[in-house]
Amino acid sequence: MRDYPVVTDAHAHVKTKAEALERIREGIPTMVCGTDPEDARWVMELCHMPETEGILFPVFGLHPWYADQWKVEDMMPYLEKCQVIGEIGMDSLWCNVPLKRQKEVLEKQLQIAAEWKKPVVLHTKDQEREILELIRKYPNTYLVHWYSADHDLDGYLDLECYFSVGPDVIWNPAVQQVAKRVPENRILLETDGMDAVKWAWEEGQKSQNYAIEERESIRETTQKQPEEIVVKDSLHATIRMAAKLRNSSPEILSSLTTDNFFTFLRNSY
Ligand SMILES: [Zn+2]
């Protein structure tokens, strides 16, 4: 498989030290999310491993799925420590947490982030319009992670949000639309962690839109032994597909997304 200069991962949940070590070994700068106080403690541990500097960047926020189990106050020590706040947002598809509670938790964290001038990573599942209205009240630098709705994209583009393209870009038309339309200074790549990649690729195999040219490389990757972690393969599949959709090349897109990754992080200095 071809190698591109550097690939970056703008959004990941890293569940094992082996995966963190792969990212360090391969030199894949990664924003690692800690979604509640316990998860944040784990992410801090990963980020204190040797040679993580310039590779693992912790991102902390109380995730909407856990908004009824914790208070924003429980998360405060971590919100203080990180450069970027997230992922925060609302979700009415993949969780049953009452939306009123999700909104309170989100809004409190949006206020804190704006006040402390820390950029924000957003989770918007099926609440795209509501969140768009809410963030208009809190001008800040926003990264919309894995946007996969077929509506309201323009609103977020108008606010000059960053977007990280998810691994289902190989088959999901809504994600392909994002990969096509995001300006070159706002596009990023993500895995969302290897569980999400596995999901995206399995779903893809059921889909007629599945990019035929990716079939072989993905089969190869999924047949690897479990201990061989495949972060880079996933990011390369995403980059090849996104480059194709943008009439660009993987090399160009790799370099753009790497620049954007560090520009987004620099907004927090
Ligand atoms: Zn996530």
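No lab work stands behind these numbers, since they all come straight from the coordinates. Everything quoted here is computed from the prediction, not taken from an experiment. A quick note on method: Cβ atoms are made from the backbone with ideal geometry, for glycine too, and the neighbour counts reach across all protein chains shown.
Data table
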quantity	calculated
Flagged links, alpha-carbon separation over 29 Å, of LYS206/LYS232; LYS81/LYS244; LYS15/LYS125; LYS71/LYS198; LYS81/LYS125; LYS198/LYS244	LYS81/LYS244; LYS71/LYS198
Efficiency of FRET between LYS180 and LYS15 - r from beta-carbon atoms, R0 25 angstrom, step 0.05	0.20
Where GluC sites (Glu not before Pro) in DSSP loops with at most 11 other Cβ within 10 Å are excluded, longest remaining stretch of the chain	54-159
Gaussian network model of the chain, springs between alpha carbon atoms under 10 Å - residue of ASP158, ASP168, ASP68 with greatest fluctuation	ASP158
Amide N proximity, segment 46-63 versus TRP116 label position 7 Å along Cα-to-Cβ, cut-off under 13 Å	58-62
Ellipticity estimate at 222 nm from DSSP helix runs (n ≥ 4, -39,500 (n - 2.57)) divided over the chain, nearest 500	-14500 deg cm²/dmol
Loop trypsin sites (Lys or Arg not before Pro), segment 1-62 (other Cβ atoms within 10 Å of the site Cβ: 11 or fewer; DSSP)	ARG2
Sorted by Cβ density within 10 Å, fewest first, the residues ARG240, ARG186, ARG181	ARG181, ARG186, ARG240
GNM result for the chain, Cα springs below 10 Å: residue of ILE28, ILE85, ILE239 fluctuating most strongly	ILE28
Residues GLU26 and MET76, FRET efficiency given R0 of 35 Å [Cβ-Cβ distance, rounded to 0.05]	0.55
In sequence order, calculated HN-Hα J values of segment 155-161 (Karplus, 6.51, -1.76, 1.60; Hz; x Gly/Pro)	x, 5, 5, 4, 7, 6, 6
Part-to-part distance (alpha-carbon centres) for segment 51-89 and segment 118-179, which is given in Å	19
Per residue convex hull volume, Cα atoms of segment 9-266, in Å³	118
Stretchable slack from GLU160 to ARG136, in nm (0.36 nm times residue separation minus alpha-carbon distance)	7.5 nm
Potential extension, SER255-SER92 segment - 0.36 nm per residue separation minus Cα distance	55.2 nm
